[in-house]
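Note sheet for the following structure.
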Amino acid sequence: MKAKWYILLYHNVSWEESPFTRGLFDTCPPDIFSDQLEHLSREGDFVSLNQGLESLRGGGPDRTCFSIFFDDGLADVRRYALPVMEQYGATGSISVCSRFMMRREFYWRAKMSYLSSIDGLRFLRSALKPLGYKTGMSIKKFTLDNFSPDLVSRIDDVFTLMTDERLRKTMFGIFDSPDSIRLLKEKGWDICNHTAAHYPVGEESSVGIFREQYEECESAIVDAFGQPSRFWVLPFDRPGRRAGGLMEQFNACGGDRYMALVENQPVKTLSRTINRIPVPVCRGAQLLRFLKSL
Amino acid sequence: MIPKDPLQNKVTLPETEDHSIVIVTMGELRHRRFALRIQQEFGGLVKGWYQIEKPGGASNLIEKIRSRALSDYSAADLRRFYRDNGLRESAKRIISGGSEALSTINELRNRRARQQKAEQDIFKKEVESLKRYAVCSPETVEDPGSDAFLENIRRIDPYFFLSLGGPLYGKKLIETIRGAAINQHAGRAPDYRGSDTVYWTLYHRDLTRLGATVHLMNTGADAGPILKRANPSLCPGDTAEACMARVVALGTELLISCVKDIIDNKTVTVFQQIPGQGMTYTASQLDGRVLRCVARDFKNNWLDNEIERLKGF
């Protein structure tokens with residue numbers, strides 16, 4: 001492989017696929033994750049985000065290097081990915097949403113994923129019709145394209161109707177708590193800001209709350225870990241749907257931080273943004289072929 | 001109206017300072033992973049690991065052929081068939097029956113080889129690294145229903161009796177356990193109980209019910225109150241045997257978290273299984289036809305398509 005810096009984006013590593021996440025992203029089984037890291041370790045070095053940036057400052061890496069990034073702050077990352085990464089001497093980065101971590105608000109998309117597992121979508125479809133939803137549309141796409149606080153509240157109403165209190169109390173367990181994330185920090189992991197509640201703040205519908213969402217999460221990160229984050233991670237980064245003034249918003253409040261985006265590209269030059277490559281669930285050899293093709 | 005989900009209630013287990021554990025498994029790699037993961041998590045609390053020896057080799061194969069041939073085509077049935085249909089049709093039936101029985105045996109033998117390969121691919125590296133946590137070696141047991149085995153368990157007097165892949169246990173043994181006798185079942189109870197339930201779930205193309213269950217033991221097959229249940233993460237391209245291995249790995253993790261919960265908090269929520277709900281499968285029900293149907297679906301990329309379908313809404 002060429003001497004480039006690849007930031008690999010995962011969400012979860014676990015033997016379990018939770019109904020809360022099944023509809024959102026692929027969960028990587030631990031044996032597959034281990035196989036991927038074994039193959040990657042033969043091709044290059046594992047580096048932290050800061051080491052990667054440092055190599056770019058020096059003109060680019062001498063050999064292929066990989067950083068491992070996890071979005072959303074899920075608890076199984078610590079349980080299953082951390083031990084595998086320690087075997088390969090890799091430290092990772094994890095982005096957290098403060099309201100999930102502090103058990104204040106549950107991820108609105110995870111509620112939809114759960115509803116899809118219990119035949120709750122028919123109620124959700126009805127609830128979304130006044131907002132313009134039409135039969136046959138993809139609920140996932142409609143809710144992202146037409147995001148609003150009203151839409152979140154309608155999802156919550158259906159979710160509350162379809163679930164019991166015990167489930168609503170225990171569901172936060174899929175996200176790691178500040179105490180557990182602190183363990184990752186102590187092991188050298190970067191804790192990144194993924195906004196307060198994972199609303200699409202990079203898109204026109206919600207760019208108005210960009211600052212407020214990041215600052216709320218930033219304040220929780222400082223309270224919990226005693227240090228501000230260095231990377232702000234854009235939720236639902238859909239390159240074609242980024243709001244016009246997105247980077248201006250970021251420049252106005254992001255300070256000297258970097259913005260983490262999603263794109264199938266290694267990081268080539270030093271700028272205010274870094275690209276992360278979503279990793280498919282596949283064997284290590286297949287992953288290398290995929291990365292070589294980029 | 002029968003409720004969709006099992007009824008839940010609380011069970012309080014006795015307080016103790018001694019949470020000793022006995023593990024009972026079979027001898028495949030997935031069972032060794034189960035035993036070693038428990039030893040990794042609970043170390044010195046594990047006081048014994050019993051491995052049940054399954055009769056194998058030629059005698060087992062002959063017994064399987066005999067039992068399958070007899071179950072499908074008893075002598076009395078054949079006599080009746082000969083009387084009604086004559087020699088030619090009877091000969092045809094015997095040949096087709098024999099060929100089906102042999103094909104089933106062959107499918108089962110191939111499945112075992114594929115299962116072992118899938119377990120090697122998924123667990124081998126992990127099991128090698130887990131060996132350093134072993135606090136005891138497996139002791140072979142020929143008959144877990146024997147008085148000698150019961151006596152051994154009484155002598156150890158464990159708080160937890162943790163089983164994977166064993167037979168049904170008698171009331172005497174279950175009542176001997178001071179705390180909880182817990183079984184890990186590679187299937188989603190109550191929908192799929194008994195043997196080979198991963199294959200039955202796949203045969204019914206019921207991916208949302210592909211899962212592992214951890215339950216308190218009673219004398220029924222996977223019929224005790226449920227402690228935890230979940231679905232496995234899968235990898236596109238997985239074989240049916242890889243699905244089975246992943247279900248077992250998940251079940252082991254669920255069981256470990258149940259044991260931790262009980263150690264920390266003696267009152268746990270259980271979900272009662274309602275008699276008559278779901279299905280219990282026996283080993284002899286899994287024949288070549290079922291295995292061939294599952295294999296055909298996997299060859300046609302059913303799993304990958306279904307994973308994708310479930311994620312899109």
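Values in this text are rule-based calculations from the coordinates and carry no lab data. What you are looking at is a predicted structure, and each value in this text was computed from that prediction instead of being measured. Heads up, the Cβs are rebuilt from the backbone with ideal geometry, glycines too, and the neighbour counts pull from every protein chain shown.
Here is how the numbers come out for the structure above:
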{"quantity": "10 Å Cβ neighbours from other chains, averaged over peptide B:250-257", "calculated": "2"}
{"quantity": "Averaged over B:305-313, number of beta-carbon atoms from partner chains that fall within 10 Å", "calculated": "4"}
{"quantity": "Principal axis dimensions, the protein assembly as shown - Cα atoms, whole angstrom, descending", "calculated": "90, 59, 55"}
{"quantity": "The stretch A:205-260: relative contact order in percent, alpha carbon pairs under 8 Å with at least 6 residues between", "calculated": "42 percent"}
{"quantity": "Principal axes of the stretch B:86-162: Cα extent on each, largest first, Å", "calculated": "63, 37, 17"}
{"quantity": "At q = 0.22 Å⁻¹, base-10 log of I(q)/I(0) for the stretch B:93-224 (Debye sum, equal scatterers on each alpha carbon)", "calculated": "-1.30"}
{"quantity": "Calculated P(r) of the stretch A:1-160 - Cα pairs past 29 Å, %", "calculated": "36 percent"}
{"quantity": "Restricting the stretch A:50-144 to chymotrypsin sites (Phe, Trp or Tyr not before Pro) in coil, as DSSP defines it, with at most 15 other Cβ within 10 Å", "calculated": "A:Y88"}
{"quantity": "Ascending count of other beta-carbon atoms within 10 Å, so fewest first, for A:D72, A:D256, A:D223", "calculated": "A:D256, A:D223, A:D72"}
{"quantity": "Rg over Rh [alpha-carbon atoms, Kirkwood Rh] for chain B", "calculated": "1.00"}
{"quantity": "Kirkwood hydrodynamic radius of chain A, Cα pairs, Å", "calculated": "19.7 Å"}
{"quantity": "Helix-derived mean residue ellipticity, 222 nm - over the protein assembly as shown, DSSP H n ≥ 4, -39500 (n - 2.57), to 500", "calculated": "-14500 deg cm²/dmol"}
{"quantity": "Bridge type composition, the stretch B:175-286 - antiparallel percent by DSSP, nearest 5", "calculated": "75 percent"}
{"quantity": "Likely footprinting exposure, B:T176, B:T140, fewest C-beta neighbours within 10 Å first", "calculated": "B:T140, B:T176"}
{"quantity": "Residue range of chain B that is longest and free of GluC sites (Glu not before Pro) which are both DSSP loop and sparsely packed (at most 10 other C-beta within 10 Å)", "calculated": "B:18-313"}
{"quantity": "Of B:K10/B:K266; A:K141/B:K311; B:K54/B:K260; A:K268/A:K292, pairs whose Cα-Cα distance is over 19 Å", "calculated": "B:K54/B:K260"}
{"quantity": "Pairwise Cα inverse-distance average, inverted: Kirkwood Rh of the stretch B:195-278 (Å)", "calculated": "13.9 Å"}
{"quantity": "Shape box of the stretch A:108-168 [Cα atoms, principal axes, largest first, Å]", "calculated": "32, 22, 17"}
{"quantity": "Efficiency of FRET from Cβ geometry, B:K172 and B:T16, R₀ 25 Å, rounded to 0.05", "calculated": "0.75"}
{"quantity": "Sorted by Cβ density within 10 Å, fewest first, the residues A:C253, A:C217", "calculated": "A:C253, A:C217"}
{"quantity": "For the stretch B:7-311: relative contact order, % (alpha-carbon pairs under 8 angstrom, 6 or more apart)", "calculated": "24 percent"}
{"quantity": "Distance between the stretch A:1-32 and the stretch A:145-166 - C-alpha centres, whole angstrom", "calculated": "26 Å"}
{"quantity": "Inter-part distance where the stretch B:174-243 and the stretch A:103-143 are each reduced to a Cα centre, Å", "calculated": "30 Å"}
{"quantity": "Peptide A:27-39 - average C-beta neighbours from other chains (10 Å radius)", "calculated": "4"}
{"quantity": "Part-to-part distance (alpha-carbon centres) for the stretch A:189-234 and the stretch A:38-80, which is given in Å", "calculated": "22 Å"}
{"quantity": "With at most 14 neighbouring Cβ atoms within 10 Å, loop trypsin sites (Lys or Arg not before Pro) (DSSP) excluded, longest segment of chain A", "calculated": "A:188-267"}
